[in-house]
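Structure first, then comments.
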Amino acid sequence: MNNHREMANKTSIGDKLRTYLKHPGSFITMLLVMLAAVITFAVLIFLIAYILVNGVPHIKPSLFSLEYSSENASVVPAFVNTIAMTLLSLIIAVPFGIFSAIFLVEYAKRGNKFVEVIRLTTETLSGIPSIVYGLFGMLFFVNALGWGFSLLAGAFTIAIMILPLIMRTTEEALKAVPDSYREGSFGLGAGKLRTVFRIVLPSAIPGVLAGVILAIGRIVGETAALMYTSGTVAQIPDSIMGSGRTLALHMYVLSSEGLYMDQAYATAVILLVLVVGINALSSVIARKLTKA
Amino acid sequence: MRSKAWTEKFMQGVFFVAACASILAVALICVFLFANGIPAMREIGFIKFLTGEIWRPNSEQFGILPMIVGSLYVTAGAIIFGVPIGILTSVFMAMYCPKQIYKPLKAATELLAGIPSVIYGFFGLVVVVPLIREFGTTLYKAGLVKSPGNGNSILTASLILGMMILPTIIGTTESAMRAVPAHYYEGSLALGATKERSIFRVIIPAAKSGVIAGIVLGIGRAIGETMAVIMIVGNQARLTGSILDGIRTLTGNIVIEMGYATGLHREALIATGVVLFVFILIINFSVALLKRGADHE
Amino acid sequence: MKMKKFIAVLAAASMVATMAVGCGGGEDTSAEGTDAAATEEGGEAASGDWDAANMITVVSREEGSGTRGAFTELFGVVDDEDNDMTTLDAQVTNSTSVMMTTVSENEYAIGYISLGSLDESLVKAVKIDGAEATAENIENGSYKVSRPFNVAVKPDSTNEVAKDFMAFIMSTEGQEVVSGEGYIPVADVEAYAGSAPEGSCVVGGSSSVSPLMEKLIEAYAAVNPNASIELQTSDSTTGMTSAIEGSYDIGMASRELKDEEAAELEGTVIATDGIAVIVNQGNPTDDLSADQVKSIYLGDVTTWDAL
C-alpha cells in the first residue's frame, strides 16, 4: 500500500523517478537505505532526548563545585580527569597506531607473513572485552610495574585498547591515497620517509581523525577497564601517578548503589557536552592540518 | 647523503617496532590470562568446564556452556540488527545525505560512540525491556510462544548491542566508501547503471576491506560489551531455547561475579576469560580465511 | 531533486512514527494499570492490570555477593549442605540500582537490596513475618535479615592515619554517622580521643560500604584536617586483596572475611546493614512470610496466586 502511494507521488515529481520505475530493485534499495538512516537517527535522537530529559533538570550549580563531596557529587574533578586521561592515552596510542599503519602499508611487502600476524593480533586486541583489559592492567601496570592505581596505569591500559582502532582506520586511510601521489613524489626525487610524511600522511588525515574520534568516544565512555587501573578516587590527583576517576566511571559509581541516580544522569549530560566539544575541536584541528 | 640513508633506516626501524607493539600487547595478555586460567580449567576438568550446563560456584559446579551459547546468541543478534542498518546508514551518509544536514548527522553518530555503556543499559532497562515484555506477553496470549519472558531477554540485549555497534560500523564503512575514487562511481553511472546499482555493485565491493574491518570491529565490540548487557539480559546461567528468555554471556559472568569471588571461583572466572579470548581468536581466524578466499576470487 | 529525497525521508519517518505510536499505545495502558493498582494499595484482590496468575520475575544478586549470602542463609534458600539453591531461572544482577529499576519497571518482580539504598518512591519493601524492615526492628531482633559491613587492615600496618581513622569510626562520633545514614551502629563505643596525626591513607573496596565510608571520611576531615584520605570504590574481593598487597591501607567488604583473607588481615565490623525484600508498587502484596520468600527463591512457587 505505502509503496504504491509513494511511487505515485514520485512520478509526478521528477525525471529520475522514471528510472526507478524501470528498475524497481534500485527503488527498493533506495527505500531500504532511507529507512535504515531514519531508524538510526530516530534511535539516536530518542536516546539523546532520554539522557537530556533525565539529566538536564538535575544540573545544579553545586554540581560544579571545585571539590567533590558526598553532598554535591561535583563533576569537576571527574571532568578534568577525563580530559587528562584522553590526552594521555592518545599521546601513547596515536604515534604507535600511525607508525604501525605506516609500516604495514608503506614498508611491509604485500602478502608478508609478518603483516598477517600483526593484522591478526590487532583484530584480537579489538575483540578483547574491556573487563579483561582491566584485569590485565591491574595485574601488569598496577601491581607488577608497581605504579599503583594511577592515571598513568589507566592511560596505558586504554592505549592498548584503542590501538587497533587507530591502526585500522589509519591503514584504510593510507591505502586510499592513490599510488600516483607516491610515484609523483619519488619522481621529484623525494626519499621514502619524506614522501610518507609530506605527501601520503597529510592526505590521509581525515581518515586518521575518524579513528581518533572513535577512540576518544571509547576512552570517555569506558568504565570496566579503568575501574581496576586508574581507580575511583573522586578528586583531581596531584600527578599522573595519582588515582582519579573519569566522568563515565564517576557516573557508574554514582549509579551503582542507586543513591545518586539524578546526579548520574546529570553527569551523563555533561559527558555528552564534552564529547560534542572534543569532536568539534578535532574537526577544527583537522581542517588546520589539511590546509597546512 | 649518508645521514639521510641512516634516517631512512632508523625510521623504518621505528615503524617496525611500533608495529610490534600490538604483538607484544597480545603476548602479555595471553601470558597473564593463560597462566591464571589454565590451572583452574585443569582442576575443574576441561570437558566438564566447557560442556557443563550448571554454574553454581558455591557448590563447586563450574559449567560454562550456557554462557558460551549466550554470547553466541547475543552477538549474532547484534549483528543481525546492527550490521545491515549500519551499512545502509553509511551508504546514506556517503551517497544520499543532503549537504545541509550532513554535519549534524555525522556529529550525532560520533556522539553515539561516546555515550557510556551504563547509559545504554539504563535506557534499555527503562525503555526497551518493558516494550519487549509487552511484545512477549502479546505473543504468549496469541499462543505463539511457550513463555512470555519478562523483558530482560536475548532479544533486548541484541537490540541494544545492535545500537551500540552502529557508530563503529558507520564510521569505518563510510570512510572506506568515501575513499573509493570518484571515477569508479562516475564510470558506472556513465555506463547507464542506476545510482543504487553503482553503489552496491561498484563502490561497496571496492570498499570491501574497510567494510569488513568495520564489521569485525563491531563484532568485537558486541562480544566484549558488558556493562550494558548485564543490565538487560537477565543473566540466568542456564540454557534456553527462546529469544524472549534471559541468558548469561561470558563477559557478564566475569563482571558480575569477579567482585566477590575468591579462590577457585575467581580462577574459574579468569578461565572464562580464556575461553572468551580463544573464541575471539577463532572468529578472527575465520574472518582472515574468508577474506583470503574472497581475495583469490 | 532534493525535494524528492525529502519526501522519501518524510514518508519513511511517518511510517516509523506510526509504528512507534502503535507500540506506545500499548505501553500507556499498562502504565495506567500500574497507577490504578498502586492507589489501591493494601487491597487483597487488586483490580486493574494486576493479574496474580502471572509468573513471578525473581531477581537475585550474583553468587558470592554479601547481600545474596546473607539473604539465602537467613531465608534458608539452601540445600542440606548449605549450598545456595536459588533457582537458575532467577535474573541476576550485580548492582543495587539495576535491581531497583528492574523491580520498579516490572509489576511481577521481586528482589532484595540494602536497606540503606531503599528508595520508597520507586519500590515497596514488604514486611517479613509481619515485621517492617527498619533499623529499630533489626536492632531489637524482630527483623532478622541483615549483614555486616567489614573493614580490614593489616595487623602490622604502620600507617598512623589509618589507625586513627579506624579509632574514629569505632567512636561515638563515628557511629553517630553510621546511624544517621540509616545503618545499624555497633554498640559499646567510646568518644573519639585520637591524636589527629598528619599524613594520608587509602581506603577501598565494596561499593555497598562506599557511600557510608564517604560520609565517615567527611566527618573525620572535620576533626582531623591534617589527614587526607582517598576512597577507592571497587568491590569486596578487590578491597581485601588490595589490603593484603598493600595498595589499600584499609579494605572494605560487605561480606564476612574468607579464611584465607582473615589469615592476613584483621577485620572489624563497623556497622550492620538490613536487607529489604522489595516488590513493585503496583503489587498488592504487603506482607510475606519467610517461607513464602524461600519458596519463591527456590523456584517452587512461580506465580503470585500460588503463594
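The values are calculated or read from the model by the stated rules, or taken from the named source; none is laboratory data. These numbers were taken from a predicted model, which means no experiment stands behind them. Note: ideal-geometry Cβ built from the backbone for every residue, glycine included; neighbour counts use all protein chains shown. With ligands, DNA and RNA removed, areas are computed over all heavy atoms of the protein, side chains included. Shrake-Rupley method; radii C 1.70, N 1.55, O 1.52, S 1.80 Å.
Some points to look at:
- Residues of region B:179-192 satisfying the condition of being more than 8 Å from every other protein chain (Cβ to nearest Cβ), closer than 30 Å to residue A:215 by Cβ and not hydrophobic (A, V, I, L, M, F, W, C): B:184, B:185
- Residue within region C:296-303 that is open to solvent by less than 20 Å² (accessible area, probe 1.4 Å), within 21 Å of the chain's Cα centre (by Cα) and farther than 30 Å from residue C:54 by Cα present: no
- Here A:79, A:64, A:103, A:114 are screened, and the one residue that is under 21 Å from the mean Cα position of the chain (by Cα) and aromatic (Phe, Trp, Tyr) is A:79.
- Scanning region B:58-68 for residues that are crowded, with 17+ Cβ neighbours inside 10 Å and either in contact with a strand residue (DSSP E or B) (Cβ under 7 Å, 6 or more places away or on another chain) or among the basic types (Lys, Arg) (or both) turns up B:58, B:62, B:63, B:64, B:66.
- Residue check for residue B:206: open to solvent by 10 Å² or more (accessible area, probe 1.4 Å), in contact (Cβ under 8 Å) with a residue 24 or more places away in the chain and under 29 Å from residue A:218 (Cβ atoms): yes
- Any hit, region A:169-179, residues being within 30 Å of residue A:244 (Cβ to Cβ) and in contact with a Ser or Thr (Cβ under 9 Å, 6 or more places away or on another chain): yes
- Qualifying residue in region B:209-224 (condition: part of a loop (DSSP other than H, G, I, E, B) and either buried (at least 23 other Cβ atoms within 10 Å of the Cβ) or at the interface with chain A (Cβ under 10 Å from one of its Cβ atoms) (or both)): no
- Counting only strands (runs of 3 or more DSSP E) that sit wholly inside region C:209-307, those with at least 3 residues that are β-branched (Val, Ile, Thr) and in contact with a helix residue (DSSP H, G or I) (Cβ under 8 Å, 6 or more places away or on another chain) are C:266-280.
- Tally, over region B:239-271, of residues that are of a type in the set (S, T, N, Q), more than 7 Å from every other protein chain (Cβ to nearest Cβ) and touching a Gly at 6+ places or on another chain (Cβ under 8 Å): 3
- Taken together, the criteria place residue B:257 among residues that are crowded, with 24+ Cβ neighbours inside 10 Å and in contact with an Asp or Glu (Cβ under 7 Å, 6 or more places away or on another chain).
- Top-ranked residue in region B:25-57 [being assigned to a helix (DSSP H, G or I), free of Cβ contacts under 8 Å to residues at least 24 places away in the same chain and more than 9 Å from chain A (Cβ to nearest Cβ); ranked as surrounded by the fewest Cβ atoms within 10 Å (Cβ to Cβ)]: B:47
- With respect to the stated conditions, residue C:144 fails to be modelled with pLDDT of 90 or more and open to solvent by 10 Å² or more (accessible area, probe 1.4 Å).
- When residues in region A:28-38 are screened for being facing chain B (nearest Cβ under 8 Å) and either surrounded by 18 or more Cβ atoms within 10 Å (Cβ to Cβ) or in contact with a Lys or Arg (Cβ under 6 Å, 6 or more places away or on another chain) (or both), 7 of them pass.
- Leading residue by the ranking (farthest from residue C:218 (Cα to Cα)) among those in region C:147-167 that are open to solvent by less than 20 Å² (accessible area, probe 1.4 Å) and of a type in the set (Val, Ile, Thr): C:151
- Output for region B:122-177, where each listed residue is open to solvent by less than 30 Å² (accessible area, probe 1.4 Å), of a type in the set (S, T, N, Q), within 14 Å of chain C (Cβ to nearest Cβ) and in a helix (DSSP H, G or I): B:156
- Residue match in region A:66-74 (condition: open to solvent by 60 Å² or more (accessible area, probe 1.4 Å), assigned to a helix (DSSP H, G or I) and among the hydrophobic types (A, V, I, L, M, F, W, C)): no
- Of all the listed residues (C:132, C:73), the sole one being closer than 19 Å to residue C:183 by Cβ and out of contact with any helix residue (DSSP H, G or I) (no Cβ under 9 Å at 6 or more places or on another chain) is C:132.
- A search for C-beta distances below 8 Å between a residue of region B:226-246 that is at positive phi and any residue that is of a type in the set (Gly, Ala, Ser) and at pLDDT 85 or above, counting only pairs 6+ apart in sequence or on different chains, returns B:234/B:153; B:234/B:246; B:235/B:246; B:235/B:252.
- Test for residue B:21: is it in contact with a helix residue (DSSP H, G or I) (Cβ under 6 Å, 6 or more places away or on another chain) and either modelled with pLDDT of 85 or more or in a helix (DSSP H, G or I) (or both): yes
- Exactly one residue out of A:104, A:63 is away from chain B (no Cβ under 13 Å) and open to solvent by less than 60 Å² (accessible area, probe 1.4 Å): that is A:63.
- Any hit, region B:96-114, residues being in contact with a Ser or Thr (Cβ under 6 Å, 6 or more places away or on another chain) and farther than 22 Å from residue B:224 by Cβ: no
- Selection over region A:127-140 of residues that are open to solvent by less than 10 Å² (accessible area, probe 1.4 Å) and within 30 Å of residue A:239 (Cα to Cα) gives a count of 8.
- Candidate set from region A:234-248 (those that are crowded, with 23+ Cβ neighbours inside 10 Å and more than 9 Å from chain B (Cβ to nearest Cβ)); member that is modelled with the lowest pLDDT: A:234
- Among the residues of region A:141-193, those that are within 16 Å of residue A:104 (Cα to Cα) and crowded, with 24+ Cβ neighbours inside 10 Å comprise A:163, A:164, A:165, A:166, A:167, A:168, A:169, A:170, A:171, A:172, A:173.
- Set C:74, C:118: member being open to solvent by 30 Å² or more (accessible area, probe 1.4 Å) and over 25 Å from residue B:61 (Cβ atoms): C:118
- The condition of being farther than 26 Å from residue C:97 by Cβ and open to solvent by 30 Å² or more (accessible area, probe 1.4 Å) holds for only one of C:291, C:286, that being C:291.
- Among the residues of region A:249-270, the ones that are among the aliphatic types (A, V, I, L, M), crowded, with 23+ Cβ neighbours inside 10 Å and in contact (Cβ under 8 Å) with a residue 60 or more places away in the chain come to 4 in all.
- Count - residues of region B:88-113 that are touching a Gly at 6+ places or on another chain (Cβ under 9 Å) and either of a type in the set (Lys, Arg) or at the interface with chain A (Cβ under 8 Å from one of its Cβ atoms) (or both): 5
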